[in-house]
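Down below is the structure, laid out as structure tokens.
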Amino acid sequence: MAKDDSARKEDKGLFDEFTAPTYDEWYKEAVASLKGESFEKKVITKTYEDIDVKPLYLRQDIENLAAAYSLPGFSPYLRSDEAAGYLERPWRIAQAVAEPAPQRFSQVAAKEVARGQDALLLSLCPAARRCEDPAGADLADFDRGLAAFTAADFAAALSGLDMADLPLFLSCGATALPALALVAANVDPKSLAGAVTADPLAELAREGSLPLPLAAAYNSMAQCTQWAIGNAPGLRTIEVSAAPYHDAGASAVQELAYALATGTLYLSAMAERGISVDNAAPRFVFNFSVGRNMFMEIAKLRAARALWAQAVAAMGGNAEAQKMYLCARTSFWTKTAYDPYVNLLRNTIEAFSAVMGGARAITVTPFDAVVRHPDEFSRRVSRNLQLLLREEARFTRPVDPLGGSYALESLTDSVSRRAWAAFQEIQKQGGMETALLTGAPQKACAATAAKKAAAVAKRKDVFVGVNMYPNAQEPSLADAAPDLAAIKKAAVSGVKKAAFTKELADIGSQPVSTAIAAAKAGASLAQILGAMQKPGSPVGVEKLSIRRGAEAFENLRKKAAAHSGTAL
């Protein structure tokens, strides 16, 4: 011990002979090195959030930031909603299985779970998401998601999976009630964990319309939430997704503001229907896409928790209600169709950002998802990327490893302040529903997307393999597309033509329980939706313009290839 103490004393004075430079001294040397160039233009980085990122941050940059000195697990939950971070509960590896046929879905999901996936992200095909009758749906609407329209379809899809030990994340769009009934017809509600959720405003922004009026969507949300409180304690029923805005080009500040405005509106809608903030808030799940700017994305996720805690507290919520259950998914906007293997690197940065930001469940989209149906190799790489971060890099061990970073804490504070101001502006204008009806978020996202597009066109923002270092002889990836005609035929044959009038008779007074009983009798998504009370008129808005960042440049290359007869 004496020898160790002596070594520590020697280390303490190791750099005493050097005088620590002041910021002013560093600044003078930096300016001199630029040889007449503007310091602000050459060294200060302006972000799409209108934040000036400095090249150097010091202790004084965070001295007045109280949140930066908070502890993990304590309000405002900036550093984590769990005191132990990931030590006791690692983030869930919630990979999607993009297989339309229920039997094939079950086979693939079982393999993924056996190889380390510990949550199931179930995406419905567009026809099922809209609760359509499969007989009248377009063939293309049976792709890119599970074609499940009845309880029997869900039984086939979940066959061989232990749902008592596998959290399910199912985003249902405008209303979750029909899909929840089909799930609960197959799985004991008390053992259900995860989320079967509705997010009508995000669906409205993405699609431009809903299959039912907003008031009816809020009624359905309240009914599912009230049922879950009494029957499925481990299930969340309300989703707030910022992904549509991200995919439409929004900045981090805009994403946060729209998520806050949506979340507080849903809380108010639940309170109007008899569910308190303390009971409703723990049923929320927030979904964010994570993009390419690593520090900005980490700051966004950290800020999201603190801002939600602030908003819930202002609405009278207790400490437990103020915690945000935050899920993250690697960005669709950043992925490229050309040179798709570079998407592996993009996914790595984005998944790392999600981990550092403290997400509770993470989805890594396969690198080839924008060009073909993911195969076993691409699913394996996406799943194993998370396993490497969790088991090999051991990012479950440090609790908020970036906490206290001068640069990150300062950036988080800047993002938080701007997002809160933008949120308040939305509230002054009547809230998120009114904003979407007037088209304000759509215009704001389009304006930011235009700035990003200009930067891509000038190569200020680089997409390797597309607008920089393209490979003119790049081979295309082979796609094993599913037989959509056969999938539609099976879906149509599985739907009973009965009206289920008797089984759905009590859907007004006991909606979820009645829908579950009807689902067990064979009622489909469309039949349950048709029986639900839908007072009011359907709403329509200008939908978000969702596209990938490299898409315009890719279209130029496609036109050039078509003209020259080569693969560009």
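The values are calculated or read from the model by the stated rules, or taken from the named source; none is laboratory data. Remember, predicted model here, so these are calculated numbers, not experimental data. Cβ sites come from the backbone with ideal geometry, for glycine too, and all protein chains shown count toward neighbours. Remember, those area values only see protein heavy atoms, side chains included, never the ligands or the DNA or RNA. Shrake-Rupley method; radii C 1.70, N 1.55, O 1.52, S 1.80 Å.
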Check: Does any residue of the range 303-313 turn out to be outside any loop (DSSP other than H, G, I, E, B), small (G, A, S) and open to solvent by 40 Å² or more (accessible area, probe 1.4 Å)?
Finding: yes
Notebook entry, point to check: Going by the structure shown, is D400 open to solvent by less than 20 Å² (accessible area, probe 1.4 Å), among the acidic types (D, E) and within 23 Å of I349 (Cβ to Cβ)?
Noted result: yes
Item checked: Residues within the range 538-548 that are open to solvent by less than 90 Å² (accessible area, probe 1.4 Å) and either at pLDDT below 90 or at positive phi (or both), tallied -> 1
Margin query: Restricting to the range 273-302, name every residue that is open to solvent by less than 10 Å² (accessible area, probe 1.4 Å), part of a helix (DSSP H, G or I) and under 23 Å from L214 (Cα atoms).
Written below: A280, A281
Next item on the list: Could you please find all residues in the range 55-67 being in a loop (DSSP other than H, G, I, E, B) and touching a residue at least 40 places away in the same chain (Cβ under 8 Å)?
Entry: Y57, L58, I62, L65
Check: With respect to A250, is the statement that it is in a helix (DSSP H, G or I) and surrounded by 24 or more Cβ atoms within 10 Å (Cβ to Cβ) true?
Finding: no
Item checked: Cβ pairs under 8 Å, 6+ apart, first in the range 550-564 and touching a residue at least 60 places away in the same chain (Cβ under 8 Å) and within 19 Å of R346 (Cβ to Cβ), second open to solvent by 50 Å² or more (accessible area, probe 1.4 Å) and not in a loop (DSSP other than H, G, I, E, B) -> A552/A453; A552/A457; F553/A457
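Return yes when S524 is crowded, with 20+ Cβ neighbours inside 10 Å and polar (S, T, N, Q) and no when it is not.
Taking the combined requirement at face value, the residue satisfies it.
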Item checked: Qualifying helices (runs of 4 or more DSSP H) (wholly inside the range 440-558; at least 2 residues being β-branched (V, I, T)) -> 440-457, 484-494, 511-521
Next item on the list: Look through the range 16-36, keep the residues that are part of a helix (DSSP H, G or I) and of a type in the set (D, E), and return whichever of them is nearest to L58 (Cα to Cα).
Entry: D24
Margin query: Between a residue in the range 456-468 that is farther than 15 Å from K558 by Cα and any residue that is among the charged types (D, E, K, R) and exposed (fewer than 15 other Cβ atoms within 10 Å of the Cβ), which pairs come within a Cβ distance under 8 Å, given they are 6 or more apart or on different chains?
Written below: M468/R459
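Quickly run through the range 33-68 and pick out the residues that are within 27 Å of the chain's Cα centre (by Cα), among the aliphatic types (A, V, I, L, M) and closer than 30 Å to A248 by Cα.
Filtering the range 33-68 for residues within 27 Å of the chain's Cα centre (by Cα) gives 45-53, 67-68.
Subsequent filtering for residues that are among the aliphatic types (A, V, I, L, M) retains 51, 53, 67-68.
Correct list: I51, V53.
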Margin query: Can you tell me which of (1) charged (D, E, K, R); (2) in contact with a Leu (Cβ under 7 Å, 6 or more places away or on another chain); (3) open to solvent by less than 50 Å² (accessible area, probe 1.4 Å) is the one K42 doesn't meet?
Written below: (3)
Notebook entry, point to check: Could we say that G431 is closer than 19 Å to R302 by Cα and surrounded by fewer than 18 Cβ atoms within 10 Å (Cβ to Cβ) here?
Noted result: no
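Within the range 219-264, work out how many residues are closer than 21 Å to V183 by Cβ and touching a residue at least 12 places away in the same chain (Cβ under 8 Å).
Of the residues in that region, 22 qualify.
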Next item on the list: Scan A109, A98 and give me the residue that is in contact with a strand residue (DSSP E or B) (Cβ under 9 Å, 6 or more places away or on another chain) and assigned to a helix (DSSP H, G or I).
Entry: A109
